[in-house]
Amino acid sequence: MRKIKVGLVGSGFAANIHMTAYNENREFFEIVAVTAKHVENAKKFAERYGIPVVCESMDELISHPEVDVVDVCVPTNVHDEVILKAAENGKDIICEKPLTGYFGEDLVDVDEIGKIEKKLMFEKLKSKVEKIETALENGGVKFMYAENLVYSPAVTKAKKLLKASGAFIMELRAEESHSGSHASYSRRWRTSGGGSLLRMGSHPIGVVLHMKHYEGRIFHGKPIRAKSVLAEIGYLTRTDKFKKEKKHYMVDTWKDVEDWSCVLITFEDDTKAVVFSNDISLGGVKNLVQMNTSKGMIYCNITPNNTVLAYAPESSVWGEEYIAEKIETKSGWTFPFPDEEWLRGYHQEMRDFALALLEEKPPESGFQLAKETVLVIYAAYYSSESGKRINLNF
Ligand SMILES: NC(=O)c1ccc[n+]([C@@H]2O[C@H](COP(=O)([O-])OP(=O)(O)OC[C@H]3O[C@@H](n4cnc5c(N)ncnc54)[C@H](O)[C@@H]3O)[C@@H](O)[C@H]2O)c1
């Protein structure tokens, strides 16, 4: 069987997760090249995974004749540059979440991009997304959106239950939250494109949009899209009460980005979704989706879930063994992840992308989901600023 030849742009956190998923799908993929901002890092990465070619730049990697698919594992503010170049070179694209954002690229003198008008950001974001869509169409390339939660076993089972029941989803409630990213780029809008809502909220927003798309596709032959957005964002670690506390257990060094968000989405069929995403949630990462359907209800406790429960009187008992992302302590009762990559859908995602590339079928998570997710998020920023419901036209 012909193998898919992948070139990785980026050798950080997401690139490592993708390598684990490629290794689980070895029969489909061959990783032929890698590049990173600092070539030494790309070299170390290539040695660790046995990747034959290290490129000095993204241009060299994208135009490399061996590369069929470009895997975008760079920070979000570099996504569009890689996508546009890959499309121009006729290369198919796997892209990490979120698709892109607005980073104040055209406002070089402004320090705190997070303080500029969100209506303006929404308009600029729309133009950027249109430009990407046109480039993909002109390049005739496939785009696979690496929204792993779409492929998590819990969401896959929820889809089977929905299909079997013939029900429609009346309301979704979803969340991704934890106690704050440790990545320095996440502190400023200029490098992150937003706070908790963009960085983490793109996952639960992606899932609720996907579920309504799926419902529409299986029962009516076309996706049910988001119609409008009403939202509120907050800066809870900047409140006086919080600042007065002597010890902080959560990240408190945000510059011009929010640490709390709540988004209410209304769909074309007047059903609803409520999505929370915040950086003020202690006790480990939460990835939760609840679906109230016309004939039943479904809870997807992706993380934490109680597949494994462990108790230790003090943190040191479990030594170096990994328990779960972002827990503050390993002592007391914990919910250790037995197979995090599988639970979060990374392996299944790569398999779907392989089949999309080899069998000419659309991926479950493709460009329309990437586009709708980021437009909902920036509409939410605009709504929060204006206090108004923002209508979307897909
Ligand atoms: N799906 C998930 O669960 C998940 C988890 C983490 C990150 N992400 C996403 O993955 C993306 C990358 O995040 P990360 O945490 O891996 O970041 P990271 O900082 O760990 O790694 C980024 C990599 O990109 C490289 N890079 C940066 N600028 C570059 C350039 N101009 N040319 C070539 N390489 C360049 C860096 O050298 C580094 O290797 C982000 O969009 C993030 O939202 C997704």
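For the pair SER165 and THR329, label points projected 7 Å from Cα toward Cβ lie 3.9 nm apart.
Computed packing ranks the peptides 33-40, 367-374 as 367-374, 33-40, most packed first, by mean other Cβ atoms within 10 Å. For the chain, the antiparallel share of DSSP beta bridges with both residues in that region comes to about 60%. Helical content alone sets the calculated 222 nm signal of the chain at -11000 deg cm²/dmol, taking -39,500 (n - 2.57) per DSSP H segment of four or more residues and averaging over every residue.
A Gaussian network model of the chain, with springs between Cα atoms under 10 Å, assigns the largest mean-square fluctuation among ARG48, ARG173, ARG190 to ARG48. Share of pairwise Cα-Cα distances greater than 38 Å in the chain is 17 percent (whole percent).
Dipole of the range 4-148 computed with +1 at Lys/Arg Cβ and -1 at Asp/Glu Cβ about the Cα centre; of ILE93, VAL82, ASN23, farthest Cα towards the positive end is ASN23.
Counting DSSP beta bridges in the range 4-148, what percent are antiparallel, to the nearest 5?
Numbers: 0 of 20 bridges.
Roughly 0 percent of the DSSP beta bridges within the range 4-148 come out antiparallel.
Amide H to amide H distances under 5 Å link SER331 with SER315, where only residues 5 or more positions off or on other chains count and H is placed in the peptide plane.
Comparing mean-square fluctuations of VAL317, VAL32, VAL208 from a GNM of the chain with C-alpha springs under 10 Å, the top value falls on VAL317. When you count the other C-beta atoms within 10 angstrom of each residue and take the mean per peptide, 195-201, 214-220 line up highest first as 195-201, 214-220. Take the Cβ atoms of ASN23 and GLU117, set R0 to 45 Å, and the FRET efficiency comes out at 0.50. Of the complete DSSP H runs in the chain, those spanning 27 angstrom or more by Cα along the long axis with a mean Kyte-Doolittle score not below -1.0 are 118-139, 367-386. My understanding is that a pair violates if its Cα-Cα distance is over 19 Å; which of LYS43/LYS326; LYS128/LYS255; LYS286/LYS330; LYS212/LYS371; LYS3/LYS44 do that in this structure? Pairs exceeding 19 Å: LYS43/LYS326; LYS128/LYS255; LYS3/LYS44. With each label modelled as a point 7 angstrom along the Cα→C-beta vector, the PHE394-SER63 pair spans 3.7 nm.
In order along the range 183-191, the phi-based Karplus estimate (6.51 cos²θ - 1.76 cosθ + 1.60, θ = phi - 60°) of 3J(HN,Hα) comes to 6, 5, 4, 6, 6, 10, 4, 4, 9 Hz; Gly and Pro are listed as x.
Projecting label points 7 angstrom from Cα along Cα→Cβ for TYR311 and VAL39 puts them 5.7 nm apart.
Rounded to the nearest angstrom and listed largest first, the equivalent-ellipsoid semi-axes of the range 4-148 from its Cα gyration tensor are 28, 17, 14.
The length gained on full extension between TYR299 and LYS246, counted as 0.36 nm times the residue separation minus their Cα-Cα distance, comes to 15.4 nm.
For the range 81-151 and the range 286-359, what is the centre-to-centre distance using only Cα atoms, to the nearest Å? Each part's Cα centre sits 29 Å from the other's. Close amide H contacts of ASP256 (hydrogens built in the peptide plane, cut-off under 5 Å, sequence separation of 5 or more or a different chain): TRP189. With both residues required to sit in the range 141-277, DSSP beta bridges show an antiparallel share near 75%. Using a Gaussian network model of the chain in which every pair of alpha carbons under 10 angstrom is joined by a spring, one finds that among ASP269, ASP352, ASP106 the greatest mean-square fluctuation is at ASP106. Scanning residues 5 or more positions from PHE29 or on other chains, those with amide H under 5 Å from its amide H are ILE4, with H placed 1.01 Å from N in the peptide plane.
Every read-out reported here was derived from the displayed coordinates using simple, explicitly stated rules and does not represent laboratory data. Fair warning: this is a prediction, and the values are worked out from it, not measured in the lab. Here the Cβ is made from the backbone with ideal geometry for all residues, glycine too, and neighbour counts use every protein chain on show.
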